[in-house]
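Peer 1: Here you go, one structure.
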Amino acid sequence: MDQPGGALFAPRSTHGRFDNPDLYESFYLARDKQGAIIERCGEFTVPWHADQLLVRISAFPDPLHLALAEYEIDTELVDFYAIRELAALSVSTVLDVIARDRARTQGLARQAFQHQSDRAGLTWWSFYDPELANVMLWKKDTFRLIGNPMQLTITSPIITETARRFFRQIEH
């Protein structure tokens, strides 16, 4: 499951919003199925089409379909929704959290990890809808997979529901 293509596989990255590979591995999750879809697919060109749901991994000759997996997290997170948490990190503006400035957000995650590494990661609101929460774990052993991942296609109900909710068109 933690090999390329598996539900627990997270490639090392420096491109994610809160990545700091010199300190921890980043594993990104969403607390809502539609949140997971829009976070992964939100920047796709519109209309969305089937090829965008394929992932190419060098270890596999054929592309893999995106899949949706459900996880259980039973641990405490640094909560970027909470003003007291942000104040403890000397965050003076929520722009430090929501900015699409990776140097800024990675610096904030580094600071949170260094000051609160007893927690498993952090949570913040989605760029696409502040009612949707995202999670980035730096302790990969703090969650567990529930059931089997669901392969996604352009006609999957969760894809069409998410597209409708976020005003994305789908090309069949």
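Peer 1: Of all residues in region 110-125 being in a loop (DSSP other than H, G, I, E, B) and out of contact with any Leu (no Cβ under 7 Å at 6 or more places or on another chain), which is surrounded by the most Cβ atoms within 10 Å (Cβ to Cβ)? Explain how you work it out, then say what you get.
Peer 2: Quick first cut of region 110-125, residues in a loop (DSSP other than H, G, I, E, B) only: 116-120.
After this cut, where a residue has to be out of contact with any Leu (no Cβ under 7 Å at 6 or more places or on another chain) as well, the list is 116-118.
On the way: Q116: 17, S117: 13, D118: 8.
Across region 110-125, the extreme among qualifying residues is Q116.
Peer 1: Look at region 143-172 and say how many of its residues are touching a His at 6+ places or on another chain (Cβ under 9 Å), part of a strand (DSSP E or B) and loosely packed, with under 14 Cβ neighbours inside 10 Å. Working first, answer last.
Peer 2: Our first condition is that a residue be touching a His at 6+ places or on another chain (Cβ under 9 Å); within region 143-172, this holds for 151-155, 170-172.
Keeping just the survivors that are part of a strand (DSSP E or B) gives 151, 170.
Pick out the ones that are also loosely packed, with under 14 Cβ neighbours inside 10 Å and you get 151.
Residues meeting the conditions: 1.
Peer 1: Further question on the same structure: Name the pairs: first residue in region 146-168 and over 22 Å from A7 (Cβ atoms) and modelled with pLDDT of 95 or more, second residue among the hydroxyl-bearing types (S, T, Y) and surrounded by 13 or more Cβ atoms within 10 Å (Cβ to Cβ), Cβ to Cβ under 8 Å, at least 6 apart or on different chains?
Peer 2: As it stands, the answer is F166/Y128; R168/T162, since those pairs meet every condition given.
Peer 1: Hey, among the residues in region 131-142 that are assigned to a loop (DSSP other than H, G, I, E, B) and closer than 16 Å to E76 by Cα, which one's modelled with the lowest pLDDT?
Peer 2: Of region 131-142, the ones assigned to a loop (DSSP other than H, G, I, E, B) are 131-132, 138-139.
Imposing the further condition that a residue be closer than 16 Å to E76 by Cα reduces the set to 138-139.
On the way: W138: 91, K139: 83.
Applying the filter and picking the extreme gives K139.
Peer 1: Further question: Return yes when G107 is free of Cβ contacts under 8 Å to residues at least 12 places away in the same chain, surrounded by 13 or more Cβ atoms within 10 Å (Cβ to Cβ) and under 20 Å from F27 (Cβ atoms) and no when it is not. Don't jump to the end; show me each part of the working.
Peer 2: Working: free of Cβ contacts under 8 Å to residues at least 12 places away in the same chain: yes; surrounded by 13 or more Cβ atoms within 10 Å (Cβ to Cβ): yes; under 20 Å from F27 (Cβ atoms): yes.
It is true that G107 is free of Cβ contacts under 8 Å to residues at least 12 places away in the same chain, surrounded by 13 or more Cβ atoms within 10 Å (Cβ to Cβ) and under 20 Å from F27 (Cβ atoms).
Peer 1: Return a yes/no flag: does region 56-71 have any residue that is in a strand (DSSP E or B), of a type in the set (D, E) and more than 14 Å from W124 (Cβ to Cβ). Explain how you work it out, then say what you get.
Peer 2: Let us first name the residues in region 56-71 that are in a strand (DSSP E or B), namely 64-65, 67-71.
This time we only want the ones that are of a type in the set (D, E), so: 70.
Cutting the leftovers down to more than 14 Å from W124 (Cβ to Cβ) gives us 70.
Checked against the condition, which is being in a strand (DSSP E or B), of a type in the set (D, E) and more than 14 Å from W124 (Cβ to Cβ), region 56-71 yields at least one hit.
Peer 1: Only one of Y81, Y128 is in a loop (DSSP other than H, G, I, E, B), touching a residue at least 24 places away in the same chain (Cβ under 8 Å), touching a helix residue (DSSP H, G or I) at 6+ places or on another chain (Cβ under 8 Å) and farther than 18 Å from A7 by Cβ. Can you tell me which?
Peer 2: Working: Y81 fails: touching a helix residue (DSSP H, G or I) at 6+ places or on another chain (Cβ under 8 Å).
Just a single option satisfies the conditions, and that option is Y128.
The values are calculated or read from the model by the stated rules, or taken from the named source; none is laboratory data. Computed from a predicted structure; not experimentally measured. Virtual Cβ from ideal backbone geometry, glycine too; neighbours counted across all protein chains shown.
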